[in-house]
Structure formats: structure tokens, C-alpha cells
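Below: the structure, in C-alpha cells.
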Amino acid sequence: MSAILQQQPDPDRVEAFEERICAALNEAGMLQMLSLGHRSGLLDRLADGRPRGSVELADESGLNERYVREWLGALTAARVLDMDDERDVYTLPAEHAARLTRDAEANLAVYAQFPGLLGGVEDDVLRCFREGGGVPYERYERFHEVMAEDSGQTVLPALLDDILPLVPGLIDRLEAGIRVLDAGCGRGKALMLMARRFPRSRFVGFDLSEEAIGWAREQAGKVGLDNLRFEVRDLSDFDREAEPGAFDLVTTFDAVHDQARPLNVLTGIRRSLADDGVYLAQDIRGTSHPHSDADLPLGPFLYAVSVMHCMTVSLAQGGEGLGTMWGIERIRDYLHRAGFGSIEVHQLEHDEQNDYFVARP
């Protein structure tokens, strides 16, 4: 007799779970269409609220009409778009445009890109389930592009007015001129913003990705930021290689948990700080306990991101594979083990996905 028959499942719970899976399939289809709408510019084109047919929208966008027509149908079925069946035109309601377009206060269509991006490495991850190891960074062709869009919503708009002021007096110090490192800087948008705002300070960005650093260098060169430099650097041995006392401020933005050796990175950050220096970190909000993480708004999604990216890229380097959802208990433990004596935890109203840590020697 099979295990499922021995368990005698509750029929009501079976039905409820089946309905949940069907709903998830519909939502997954919607996310794929939102991703295409974001990347193609179709959602932005519809943001003005003017009704359009598929021919007009395709002509305006320079896209193939047949694909545009089917896309419109998909998002109408998903109840994202409204359709006037008599006129055969479609409208993006203002309430939806407020969360799906580039000019909106928050563009959730950015996050709709993740399922497709991570789904592209599913075969690689399945191989790792069977054989161990991990999937290297270079298999994620658009990862830094999408993460730059992500940080453009959670970090950049809040950096100067909300995040940096978490450290009392930091703005004044930056204006006077200090030495700043962003470890795991990605495409370096946060650093570029700070370098423009605080010309007397000196900024450095380290990242393992040659693609991300190349992009950052090109963009910084275009705007003439001579107080900012970027360096391709593996931080796995930062605990030994960091120059002691080299920086007054070190920042990381969701960059520690996917490192090969996160404790080494944190120990190196502590080593690199001046005696009166401060470490300011953004990292994923979690409890360090899966059963509690189930109550987080994005808990299941972030665990999936961990399996499909953050954990596996660390394992690909022979690393720890800490994972996205290491959580506040483990973060505090790692910071103490790295040598930090004072640790504060903050939450910001605009960002329900992350916690913010202020750590001092």
C-alpha cells in the first residue's frame, strides 16, 4: 500500500491545496507576462491610461502585433488590464499602473523578472541536487542588471534620507570627507549616488563580477566621478587580506549571504575599519527558523531565490552556502564572531524585505 493511502488525507485539505496550486499557476503566468511587459516597455506605454488596441500599441512600441495581442489577452485574463470588448481596446487601470511602471513610486514588475531569470538555471540546480556543487555566477546572464533595478527601488531612493542617517553624524562626516568601501557592490549604483552627493569623500567598490565592475567603471567614467574607483575582487580571504583601518565606513547591500565565506568577509570588514569606523549593512529579513519565516510576506519566494541563486553560487565557489534566509539570529552571531562589539538592528517603512544593521568595533 502506498504511503499516501496509509496517511488517509483529509479530502477538504486536498481540495484546498489543489486550488492553491491552480491559483499559483495562474499567478506564475501573470508574473511572466508582467516581466515581458516591463522589459519590452509595454506597461510603461499603457501607464497614461489611454485605451489602445493591439495594432496601435504595437505600432507605438515598435513590436510585433501578434505577440502584443496575445500579451494583452493574457493580462486581461489575469485581471491586470481592463478590456472594452466592443471597441477591442485595453486599459491599464491607474491603481495597477501605480505598482507596475517605471514612473511609479514602486514598480513591482521589476520583481516579476526573477522567476524567468532563475528558471533558466533549473537544470543546473537539479544537477546539483544529484551531484552536489553549485551554479556559478556566470550562468546568470542578467542577474546584476535585475539586482540593479531592485536596489534602485529599495536602496537608492532611501539611501540619503533614511539609510545613511541610521548612523548619527554620518552625513556630516561624509560631507567633511571620509573613506568608504562598498563590499559586493554589484553595478555600484549606491556608490555613484554617494560619490556625487559627497565629493570630499573617497569611495571604493569591490565585487567578484567582472561584468558588474566593467559596467560600473564605464558609468562612473561617463559622469566624471574621480572620487570613486571599482575593483574586481574575491573577498573569500578578506579576513587576512583587508588593509587594517583603511576605511571609516563600510557598506553592504544584500551582499553577504551569497559570499563563499561570509564570516571571512565580515571579519575583513571589521579589520578594515578605523577605530571610530562603522559598518552599515542591509540584508534579507529572516528569523533564522523556517517555520517562523513562513509568516514573512515574501518568505517562500526568498527561500526559492536562495535555492536557485544565493546558496548555490556560494557552493559553486566551494563556499559555505549560507543562503538568503540566514536570518537575524545568525547575522548577529556572525557579526559578533567577526569582532563587532555593538550591533543595532533597524527596519525602514519602505522596505519590508530587509533589515538594516549598524555595527561598530
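The values are calculated or read from the model by the stated rules, or taken from the named source; none is laboratory data. Not measured: the values here are computed from a predicted model. Heads up, the Cβs are rebuilt from the backbone with ideal geometry, glycines too, and the neighbour counts pull from every protein chain shown. Just the protein is used for accessible areas: all its heavy atoms, side chains included, with ligands, DNA and RNA removed. Shrake-Rupley method; radii C 1.70, N 1.55, O 1.52, S 1.80 Å.
Figures for the structure shown
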{"item": "For region 214-348, accessible area per residue (1.4 Å probe, heavy atoms of protein chains only), Å²", "result": "42 Å²"}
{"item": "Net dipole in debye of the chain [+1 Lys, Arg Cβ; -1 Asp, Glu Cβ; about Cα centre; nearest 20]", "result": "1100 debye"}
{"item": "For region 100-116, 3J(HN,Hα) per residue [Karplus equation, 6.51 cos²θ - 1.76 cosθ + 1.60, θ = phi - 60°, Hz, x = Gly/Pro]", "result": "9, 10, 5, 8, 7, 4, 9, 10, 6, 5, 4, 6, 5, 6, 5, x, x"}
{"item": "Length-normalised contact order of region 203-361 in % [C-alpha pairs under 8 Å, at least 6 apart]", "result": "23 percent"}
{"item": "Burial ranking of peptide ranges 189-198, 277-286 (average Cβ count within 10 Å, highest at the top)", "result": "277-286, 189-198"}
{"item": "Correct option for volume of the Cα convex hull per residue in Å³ [calculated from the coordinates] among [x] 166; [y] 125; [z] 175", "result": "[z]"}
{"item": "Relative contact order (%) - criterion: Cα under 8 Å, at least six apart; region: the chain", "result": "12 percent"}
{"item": "Size of charge dipole - region 50-106 - debye, nearest 20, with Cβ of Lys, Arg +1 and Asp, Glu -1, no other charges", "result": "180 debye"}
{"item": "Solvent-accessible area of residue 128 with every protein chain in place, 1.4 Å probe, in Å² to the nearest 10", "result": "20 Å²"}
{"item": "Bridge type composition, the chain - antiparallel percent by DSSP, nearest 5", "result": "45 percent"}
{"item": "Loop-located trypsin sites (Lys or Arg not before Pro) in region 228-277, at most 14 other Cβ atoms within 10 Å (DSSP)", "result": "none"}
{"item": "Per-pair calculated FRET efficiency, R0 = 51 Å: residue 6 and residue 108 via Cβ, rounded to 0.05", "result": "0.75"}
{"item": "Distance from region 51-70 to region 264-313 (C-alpha centre basis), Å", "result": "42 Å"}
{"item": "Region 314-361 shape via C-alpha gyration tensor axes, a/c threshold 1.5", "result": "oblate"}
{"item": "Estimated distance in nm for a label pair at residue 77 and residue 24, the labels positioned 7 Å out from Cα along Cα-to-Cβ", "result": "2.0 nm"}
{"item": "Percent carbon-and-sulfur accessible area, the chain, ignoring ligands, DNA and RNA, probe 1.4 Å", "result": "49 percent"}
